[in-house]
Amino acid sequence: LEADLPEAQHFLVKQRTGAGERGLHQAAARSSSARNGGAALAQGEILAFIDADSSVHLQTFAAIDQTLASGRCVAGATGVTMERWSVGIALTYACMLPSIWLTGMDTGVVFCRRADFAAVGGYDESRLLAEDVMFLLSLRRLGRGRGQKLVRARGAKAITSTRKFDEFGDWHFFG
């Protein structure tokens with residue numbers, strides 16, 4: 001399989017399978033700690049974060065690069081699609097869309113420039129939940145003064161796990 005893929009796709013396969021991977025392993029750490037630790041290990045000027053149970057689209061990094069190159073974007077996300085669909089999951093997804101449209105905050109692969117990550121102090125490790133929301137709010141405030149906003153990178157939605165739906169049922173959001 002890997003031999004037939006273009007170089008960028010070959011790299012992603014290697015990253016997902018652990019071949020040549022440089023990763024951060026923290027036992028019982030909050031996701032904010034893992035994200036901040038990953039940012040400290042990263043060497044690039046653009047940082048990207050994704051939940052461990054989600055998969056990166058093969059065009060993700062090209063889409064992020066194109067989105068940030070415009071100069072109108074302080075940070076953003078790729079959005080997600082579900083690894084499987086049902087009526088209950090589709091209705092849950094549909095209920096989330098208005099808040100994404102109104103706030104500009106999305107999920108999937110979240111990305112920003114290293115300098116902006118540092119300017120807002122990264123993810124708040126003292127928060128037990130919603131640290132990802134607070135991070136994006138901080139970046140949005142930072143960008144507002146420069147005429148930049150949060151943007152969805154088009155054409156590269158991450159595939160997100162349905163493990164919570166698998167565990168609690170496809171209709172658990174509704175009651």
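Packing, taken as the mean count of other beta carbons within 10 Å per residue, orders the peptides 106-117, 65-76 from highest to lowest as 106-117, 65-76. In this simple spin-label approximation, Gln66 and Glu125 carry label points 7 Å from Cα along the Cα→Cβ vector, and these lie 3.7 nm apart. With each label modelled as a point 7 angstrom along the Cα→C-beta vector, the Ala118-Leu142 pair spans 1.0 nm. Mind grabbing the accessible area of Ile159 for me, 1.4 Å probe, Å², rounded to tens? Rounded to the nearest 10, that gives 80 Å².
What FRET efficiency do you get for Met134 and Leu97 if R0 is 35 Å and r is their Cβ-Cβ distance, rounded to the nearest 0.05? Step by step, r from the Cβ atoms, then E = 0.95. Dividing the radius of gyration of the alpha carbons in the stretch 16-169 by their Kirkwood radius gives 0.95 for Rg/Rh. Approximating the spin labels as points 7 Å out from Cα along Cα→Cβ, the Asp166-to-Ala40 distance works out to 3.2 nm.
The values are calculated or read from the model by the stated rules, or taken from the named source; none is laboratory data. Bear in mind the structure is a predicted one, so any value in this text is a computation, not a measurement. Here Cβ is always computed from backbone atoms with ideal geometry, including for glycine, and neighbour counts include all displayed protein chains. All accessible areas refer to the heavy atoms of the entire protein, side chains included, with ligands and DNA or RNA removed. Shrake-Rupley method; radii C 1.70, N 1.55, O 1.52, S 1.80 Å.
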